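Have a look at the structure below, then the notes.
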Amino acid sequence: MFLIKIRKNEFNTAYFKKDVYLLEILSDEQQNDEYFKKNIIITNELNSLNKYPYIICKHELSDLPTIHALESTGFQLISVDIKLKTEVNKPLEIMNGIKNEFLIERINQKYECNFVDLLNKTQRFFDSTHFYKSPYLDNLLCDYFYKGWILKNVKGRTNENYIVTYEKEIIGFIFGNKDGRNIDIDLIWVSENFRKAGIGKFLILSLIKNSRCNEITVKTQINNYPAVKLYTKIGFNVIEVFSVFHRSN
C-alpha cells in the first residue's frame, strides 16, 4: 500500500512568494512489490498533483521505483542529502587550538539585536542547500528565507542554541532541537573569516557537553565535503541517504 501525503508549508510560502507544498511518499515496508507495479502506482499518483504550484519532495535514494516515478513526472533532482548520527557514549575529546578570545554562550533574547546586525551585514549563509540549487527559486528570496529561519530559531523555535563571539562579534552559531536526551542540529554556521580554525568542531562538542545529550543527529548535502569531513571526524556515521526533488507546475 502506498500513501501520498502533501501539505502546504506556510513558512516557505511566505518567504518564496508562492505556495510551496511538501510531498511525502510512504509505503508499507513489509510489502515487496515488483519494480514496475510500484513505479506505475506512484507515477499515477504523482500525475494527479498538477494543481499544486510548487512541490518539494525528499525520498530515500535507494527506492528506485519511486525515484524514477518522480523523474518521469517532471520532478527535478536538486541535491542528494545525508543524515548522520553519533552516540555520546565516550568522553569528549579535549579541544586544542581554540584561542581564549573565542567565547561560546547560550543564546537568549538579549542577542536578538546582535543577530539582526549579523543578518544585515551578511548576505548569504547556506548557499549549498537545495533551495539555492533550484532553478525555480530566486537566490535573493533564498537569502531572505534563511535570515527568517535564523531569527525564528533565535526567538525560540529551537531550544539548544549557542553562539561563538570574537571581540563581541558573532562569528558562529549552532541551533539544536532537544527531545529528551536526543538532539537534532537544525542549523550551524561559521563566518568565512574564521573557517578552518576549529570553530565548527568547538560548537558541536560544546552543544553535546552543555546539553547532556545521549544522541545527536544532523543533515547536510552529500557534496558538502568540509561538513561531512568534520562530522565523521567527530564520530558521526551516515544513517540515511535521500534525494531532494523540486517541481514547479
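Restricting segment 189-203 to residues that are within 17 Å of Val228 (Cβ to Cβ) and either touching a helix residue (DSSP H, G or I) at 6+ places or on another chain (Cβ under 6 Å) or of a type outside the set (A, V, I, L, M, F, W, C) (or both), the residue that is surrounded by the fewest Cβ atoms within 10 Å (Cβ to Cβ) is Lys196. Lys38 falls short on exactly one of the conditions (1) at pLDDT 95 or above; (2) farther than 29 Å from Ile208 by Cα, and that condition is (1). When the residues of segment 19-32 are narrowed to those that are of a type outside the set (Phe, Trp, Tyr) and either surrounded by 15 or more Cβ atoms within 10 Å (Cβ to Cβ) or within 18 Å of the chain's Cα centre (by Cα) (or both), which ends up modelled with the lowest pLDDT? Ranking the candidates gives Ser27 first.
Okay, residues lined up against (1) under 30 Å from Pro53 (Cβ atoms); (2) of a type outside the set (Val, Ile, Thr):
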residue: Asn153; (1), (2): yes, yes
residue: Glu169; (1), (2): no, yes
residue: Gly198; (1), (2): no, yes
residue: Ile204; (1), (2): no, no
residue: Leu207; (1), (2): no, yes
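Across segment 128-141, the qualifying residues are those that are touching a residue at least 12 places away in the same chain (Cβ under 8 Å) and under 16 Å from the mean Cα position of the chain (by Cα), and the one among them that is nearest to His246 (Cα to Cα) is Ser134. With respect to being in contact (Cβ under 8 Å) with a residue 12 or more places away in the chain, part of a strand (DSSP E or B) and aromatic (Phe, Trp, Tyr), Phe242 fits the description. The sole residue among Asn182, Asn193, Asn214, Asn210 that is within 15 Å of Lys83 (Cβ to Cβ) and out of contact with any Pro (no Cβ under 8 Å at 6 or more places or on another chain) is Asn182. Just so you know, in segment 62-84 the residues that are of a type in the set (A, V, I, L, M, F, W, C) and surrounded by fewer than 18 Cβ atoms within 10 Å (Cβ to Cβ) include one that is farthest from Tyr231 (Cα to Cα), and it is Leu64.
The values are calculated or read from the model by the stated rules, or taken from the named source; none is laboratory data. A quick note: this is a predicted structure, and the numbers were derived from the prediction, not measured. No Cβ is skipped: glycine too gets one built from the backbone with ideal geometry, and neighbour counts run over all protein chains shown.
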